[in-house]
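Derivation of every value follows stated rules applied to the coordinates shown; laboratory data play no part. Every value quoted in this text rests on a predicted model; they were computed, and no experiment measured them. Here Cβ is always computed from backbone atoms with ideal geometry, including for glycine, and neighbour counts include all displayed protein chains.
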Amino acid sequence: MKKIILWLFFVILSIVYFAVTTNTNETDPSLVLKGENHLKNVRQLTFGGTNAEAYFSFSQDRLVFQSTRGEFECDQIFVMDLDGSNVELISTGKGKTTCAYFLPGDSLILYSSTHAASDKCPPPVDRSRGYVWKLEDEFDIYLARLDGTIVKTLTSSPMYDAEATVSPTGDKIIFTSLRDGDPALYTMSIDGTNLRKLTDRKGYEGGAFYSLDGTKIVYRANYPRDEEELADYERLMEERKLRPMRLEVYVMDADGSNLKQVTDLGAATFAPFFHPDGKRVIFSSNYGDPEGRIFNLYIINTDGTGLEQITYNDSFDGFPVFSNDGKTLVWASGRNAQATREINIFIADWVE
């Protein structure tokens, strides 16, 4: 009898040990690549589909992200816990969505969607004249509860309204709009009032984020440099298209003043995000790849010095976001993909 009890004890101990060790967040060696010295304890949160733009809740315990998966033919908005569990659909499941963000209190989420115009995804972009983005006029910005109920339409212009994010101080929303004929940055209060245009330079401005203290804004821009580029830009903009082959990072004060160019890489540089110290910006770029197909993460000081490569992937790394304490980095990556065009969300400890 004692032998049986002892045997059962060791069996139970083994089961507990296995359960604990298989649920730890130890780094999978295949997920961290040579040279990625700033990343530790890398974990993959999504598996399959195209997942991107994962942003922290104000409480820092959940992520909101966009994903094309399963029955959906274009992006819809989901939330999940930081370990990838409890995935829930937030958007309507209709149309195409993009750029979701939590509001203070984490009970509401804003996102852009075309569902009011059509239940179906917008038609594929015509790229007969090269790689272009489409800025669909049908995009408007909505507020929704976590159960998916839309409680308010924040924008209702007949032009593109998207790429909205919220200041960490909880008082402002910044977004890109074509309402005046050229894609510029606008701010509004959390309830959609007090609309204000921040930029008026000819060219595309988007993907804006506030610094942690809410005093600075970082964004990506494509400003035509000569008459030839201007003519190409205006011709494409008539079709609501943008050629994103050259984007640079800029910073300015929250009121639109004190504009400064941060990068001058001559590449498709996008998805800039402030480090919590407010002195550095992390971003994605195909800088250094002659064919322009490989995107990696870089970090740079806001004065343009100290450029450093963070990831060394041979496919895609983009949409990097720091936690408020600077200890965690979330981003989208093609590493460990099991299918063509598969992009997943990853999370890692940030090592200074």
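Within 10 Å, count the other beta carbons around each residue, average over each peptide in 335-345, 198-208, 126-136, and list them highest first. Don't skip to the answer; put the middle values down first.
Details: 335-345: 15.5, 198-208: 19.5, 126-136: 14.0.
Peptide ranking by packing, descending: 198-208, 335-345, 126-136.
Would you calculate, for the chain, the mean residue ellipticity at 222 nm contributed by helices, counting each DSSP H stretch of 4 or more residues as -39,500 (n - 2.57) and dividing by all residues, to the nearest 500? Could the numbers behind the result be given before it?
Values: 2 runs with 32 residues, N = 352.
-3000 deg cm²/dmol, from helical runs alone.
For region 338-351, what does the Karplus curve 6.51 cos²θ - 1.76 cosθ + 1.60, with θ = phi - 60°, yield as ³J(HN,Hα) per residue in whole Hz, taken in order and with x for Gly and Pro?
For region 338-351, the Karplus-derived couplings read 9, 8, 4, 6, 6, 10, 10, 8, 10, 9, 8, 6, 8, 10 Hz, x marking Gly and Pro.
Hey, if you put +1 on the Cβ of every Lys and Arg and -1 on every Asp and Glu Cβ in region 28-350, which of N313, L135, H115 ends up farthest toward the positive end of that dipole?
N313
How large is log10 of I(q)/I(0) for the chain at q = 0.10, 0.14 Å⁻¹ when the intensity is taken from the Debye formula with one equal scatterer per alpha-carbon?
-0.60, -1.19
When S177, S57, S85 are ordered from fewest to most other Cβ atoms inside 10 Å of their Cβ, what list results?
Numbers: S177 25, S57 19, S85 8.
Placing the least packed residue first, the sequence is S85, S57, S177.
Check cross-link reach from K96 to the lysines: straight Cα distance under 17 Å, and skip same-chain residues fewer than eight apart.
K120, K134, K241
Short version: ³J(HN,Hα) in whole Hz for each residue of region 72-79, in order, from phi by Karplus 6.51 cos²θ - 1.76 cosθ + 1.60 (θ = phi - 60°), x for Gly and Pro, what are they?
8, 8, 8, 4, 10, 9, 10, 10
Could you tell me how many degrees, from 0 to 90 and to the nearest 10, lie between the Cα long axis of helix 2-22 and the main elongation axis, the longest principal axis, of the Cα atoms of the chain?
Roughly 10 degrees between the two axes.
Lysines near K216 by alpha-carbon distance under 27 Å, same-chain residues fewer than 8 away left out - which ones?
In chain and number order, the partners are K172, K197, K202, K260, K279, K327.
Taking C-beta distances below 4.7 angstrom as the pairing criterion, name the unpartnered cysteines of the chain, in sequence order.
Flagged as lacking a Cys partner: C99.
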